[in-house]
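Quick notes on the structure that follows.
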Amino acid sequence: MPSLFYYMTAIADSGLGLVGIRSPYEQPPYQVIRALAPNIEIRTYEARAAVQTNMRDGNDGEAFGRLFRYITGANHTKDAVAMTVPVERHRSIAMTVPVEETDPPKGGGIMRFFLPKSVAEAPPVPTDPAVQIVAVPAQTLAVIRYSGVATDEARATELDLLRRALARAGMTAEGEPSYYSYDPPWALPFVRRNEIAVSVKP
């Protein structure tokens, strides 16, 4: 089971998250291979492992709770797993590729936590059958970054900007976007890091 130190660290990290400090959290590594704008990048990601669950809508607290319980010990070895960022949301039930609806998520879909490298090769098995371990393949993604509250309207605006930038660059998107959140809901809007990512041809 998680130790007192684990929970104390989580509380401290939550406080740092208020002002947009994310240094305690591991992120999936990527390389920027091209910048289309100051806030739009073409990135390559290595294959990585994740834990995911179905969600009713784009901000399903129950789905987040299931994943959080997994990393705090709801697994067969009762091990604590370090929290990572970003949290990914998308509407597809596909197990290995991020596929979403053309518009920002309003219905059900998938919520996903990426697993830290320390457990990625042999992650603890979830005790909740609604939580699954999945393998995410290597990807080339076009990503737009923005701050503020990630409302449906903001996502739609940023997604349109991303698509326009890709069209100007003569690049082709494959599939539909994923939505990445790097900060807790209580983070100040102007320090938040939100991203929309869509797969592109290498």
How long is the gain from A169 to F68 if the chain were fully straight, where each residue apart is worth 0.36 nm and the alpha carbon distance is subtracted? 32.4 nm
Can you compute the FRET efficiency between L188 and Q27 using 1/(1 + (r/R0)^6), with r the Cβ-Cβ distance and R0 = 35 Å? Round to the nearest 0.05. 0.95
In which sequence would L166, L161, L67 go, from the one with the fewest C-beta neighbours within 10 Å to the one with the most? L161, L166, L67
Here the FRET efficiency for T44 versus D128, based on Cβ atoms and R0 = 35 Å and rounded to 0.05, is 0.60
At what distance in nm do the modelled label points of E121 and D160 sit from each other, each positioned 7 Å from its Cα along Cα→Cβ? 4.8 nm
Low-density loop chymotrypsin sites (Phe, Trp or Tyr not before Pro), the range 126-194, at most 14 other Cβ within 10 Å, DSSP non-H/G/I/E/B, are W186
Indicate the gyration tensor shape class of the range 151-202 (rounded, prolate or oblate), computed on the Cα atoms with a ≥ b ≥ c the square roots of the eigenvalues: a/c under 1.5 is rounded; otherwise a/b larger than b/c is prolate and the rest oblate. prolate
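Each reported figure results from applying straightforward, stated rules to the coordinates on display, with no laboratory input. All values reported here derive from a predicted model rather than from experimental measurement. Don't worry about glycine lacking a Cβ; one is built from the backbone with ideal geometry, like all the others, and counts go over all protein chains shown.
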